[in-house]
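The structure appears below as structure tokens.
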Amino acid sequence: MVSLAQLWMPILLSAVLVFIASSILHMILKFWHMPDYGGFSNEDEVGDAIRKGTTSAGMYQIPYCKPEQMKDPATVEKFKRGPIGTLYLRAPGPINMGSFLGQWFAFCLVVSLLAALLGVHTMGAAVRGVDGRMYAGINLYHFTGGPCAELVALGRARAEGARELTTIVAVGNEGRGVVAPCGRDRQILVDYHPTIRVILPTPDGPASVLVTDLLPGAYRWTPNP
């Protein structure tokens, strides 16, 4: 079984590649992000006005009001007159690009770590047909998404001609034991196999219930045979 510690190199490499690729795209696609910001025609006057009041770093709204003040006549008049907006103030001083780039790389690294964390949490599932035959499947994790293990097992059963299934169970690696199906899997099971029983984890151990009990009042879609 692959552990998270064994993936340190792919985690670091993917973070570096995403950081480099995103930085290049940011420089190339200036026409895309440059219009997001604009300057005041009276920038000096605006700066002087702000310095007369609050100058600490943070986010500010104009006009600012609390929820209970929204209907106050004075507040309503401020919104009518404008301007309306959100202002983000940084601490005075030169822009430190190193800090921005460092934070962006740290973000890329965290995303890579979370993707790897999901990748090592492999699930396995098995379904049983009315004839007693078993059909197994595992989830194939990919950063773009992928089917759950339950759906892989259902697909294998259907590919081998099994149309009537009695029971399904999913188990997680790393000793996680029996795992309940997600909402999407429950909906698919209700549509394709409304009489199937699902094995679930309970405080007293695994137990089986009808899938319709897991999704009461569900929207019903009739699939093609």
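The values are calculated or read from the model by the stated rules, or taken from the named source; none is laboratory data. Predicted model, so just to flag it, every value in this text is computed and none were measured. Backbone-built Cβ (ideal geometry, glycine too); neighbour counts: all protein chains shown.
Which one of these is under 30 Å from Gly102 (Cα atoms), of a type in the set (Ser, Thr, Tyr) and in the same structural domain as Pro92 (by TED's automatic domain parsing): Tyr37, Tyr64?
Tyr37
How do the helices (runs of 4 or more DSSP H) wholly within region 1-60 filter down when requiring 2 or more residues that are among the hydroxyl-bearing types (Ser, Thr, Tyr): which remain? If you could, list the steps in order and put the result at the bottom.
Details: elements: 8-28, 30-33, 43-51.
Because the criterion is at least 2 residues that are among the hydroxyl-bearing types (Ser, Thr, Tyr), the helices (runs of 4 or more DSSP H) in region 1-60 that meet it are 8-28.
Only one of Tyr64, Tyr37 is at pLDDT 90 or above, of a type in the set (Phe, Trp, Tyr) and on the phi < 0 side of the Ramachandran plot; which?
That would be Tyr64, the only listed residue that is at pLDDT 90 or above, of a type in the set (Phe, Trp, Tyr) and on the phi < 0 side of the Ramachandran plot.
Which count do you get for residues in region 177-190 that are in contact (Cβ under 8 Å) with a residue 40 or more places away in the chain and not β-branched (Val, Ile, Thr)? Before the answer, list the steps.
Residues of region 177-190 that are in contact (Cβ under 8 Å) with a residue 40 or more places away in the chain, as a first pass: 179.
Add one more test, that the residue is not β-branched (Val, Ile, Thr), and what stays is none.
Residues flagged as in contact (Cβ under 8 Å) with a residue 40 or more places away in the chain and not β-branched (Val, Ile, Thr) within region 177-190 amount to 0.
From the list Gln69, Gln103, exactly one residue is at pLDDT 90 or above, in contact with a helix residue (DSSP H, G or I) (Cβ under 8 Å, 6 or more places away or on another chain) and polar (S, T, N, Q). Which is it?
Exactly one residue qualifies, and that residue is Gln69.
Within region 71-114, how many residues turn out to be more than 19 Å from Gly53 (Cα to Cα) and assigned to a helix (DSSP H, G or I)?
Selection size over region 71-114: 26.
Based on this model, can you work out whether Asp185 counts as assigned to a helix (DSSP H, G or I), touching a Lys or Arg at 6+ places or on another chain (Cβ under 8 Å) and modelled with pLDDT of 80 or more? Steps first, please.
On the way: assigned to a helix (DSSP H, G or I): yes; touching a Lys or Arg at 6+ places or on another chain (Cβ under 8 Å): no; modelled with pLDDT of 80 or more: yes.
No; evaluated as a whole, the condition is false for this residue.
Only one of (1) over 29 Å from the mean Cα position of the chain (by Cα); (2) touching a residue at least 40 places away in the same chain (Cβ under 8 Å) fails for Val169. Which number is that?
(1)
Output the residues belonging to region 189-211 that are more than 23 Å from Gly132 (Cβ to Cβ) and part of a helix (DSSP H, G or I).
Val190, Asp191
Just give me the residues in region 58-75 being touching a residue at least 24 places away in the same chain (Cβ under 8 Å) and surrounded by fewer than 10 Cβ atoms within 10 Å (Cβ to Cβ), in sequence order.
Selection gives Met59 alone.
What residue, of Glu160, Glu174, Glu150, is modelled with pLDDT of 90 or more, touching a helix residue (DSSP H, G or I) at 6+ places or on another chain (Cβ under 9 Å) and of a type outside the set (S, T, N, Q)?
It is Glu150.
Only one of Leu117, Leu87, Leu101, Leu151 is touching a Leu at 6+ places or on another chain (Cβ under 9 Å) and either aromatic (Phe, Trp, Tyr) or surrounded by 11 or more Cβ atoms within 10 Å (Cβ to Cβ) (or both). Can you tell me which?
Step by step, each of Leu117, Leu87, Leu101, Leu151 is checked, and only Leu117 is touching a Leu at 6+ places or on another chain (Cβ under 9 Å) and either aromatic (Phe, Trp, Tyr) or surrounded by 11 or more Cβ atoms within 10 Å (Cβ to Cβ) (or both).
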